[in-house]
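Everything below concerns the one structure shown next.
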Amino acid sequence: GSIIIKLNSLSDDLIIQELYHAKANNVSLSLIIRGICCSVTENPKWNSPIKAISIVDEYLEHARIFYFKNNGKEDYYISSADWMVRNLDHRIETTVPIYNDSIKSELKEILRIQLSGNQKARILDNHQTNKYVVKKNDENAVRAQIEIFNYVRKKKY
């Protein structure tokens, strides 16, 4: 299985524990967390680390996107809530599934662009060093927010 989570903040301990449970069961887990992230990314019990990045750049983002893949089935959700106690336990928030294939395709591309970012993206790790993602020599420079802006601008709605 595979999970990709895009939020501004991840601090709810119960949800973090569920993400750890998924990771311990060999689920690929990628996090795009703009701000607060209380999750660790490495644990000896896991076969690989959680990929976690933070992108803070020119635009203020508020997108919350959840992608789940299990046995070939892909599910997408968008939400108003960050995964924080104040949002989940003390506010009225909503999460909705996405059924439209065109919208799913757009969300998938946005997540792909963000995860490929190598300009302005910082690695979230257990040591909280927040080092920038380093572009490999054979990679194109990807400034994720600009790439998403250009992607959306080219779309014909």
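For the range 1-87, the carbon plus sulfur part of the accessible surface works out to 53%, probe radius 1.4 Å. Solvent exposure of the range 1-112 amounts to 56 Å² per residue of accessible area, where only protein heavy atoms count and the probe is 1.4 Å.
How big is the gap, in Å, between the Cα center of the range 73-119 and the Cα center of the range 12-39? One Cα centre to the other: 14 Å. Computed extension gain for R91 through K155, at 0.36 nm per residue and net of the alpha carbon distance, reaches 19.6 nm. In straight-distance terms, cross-link reach from K45 covers every one of the aspartates and glutamates whose alpha-carbon lies under 17 Å from its own, apart from those fewer than eight places away in the same chain; here that gives E18, D125.
The values are calculated or read from the model by the stated rules, or taken from the named source; none is laboratory data. These numbers were taken from a predicted model, which means no experiment stands behind them. When the accessible area is computed, the model is the full protein with side chains, heavy atoms only, and any ligands, DNA or RNA have been set aside. Shrake-Rupley method; radii C 1.70, N 1.55, O 1.52, S 1.80 Å.
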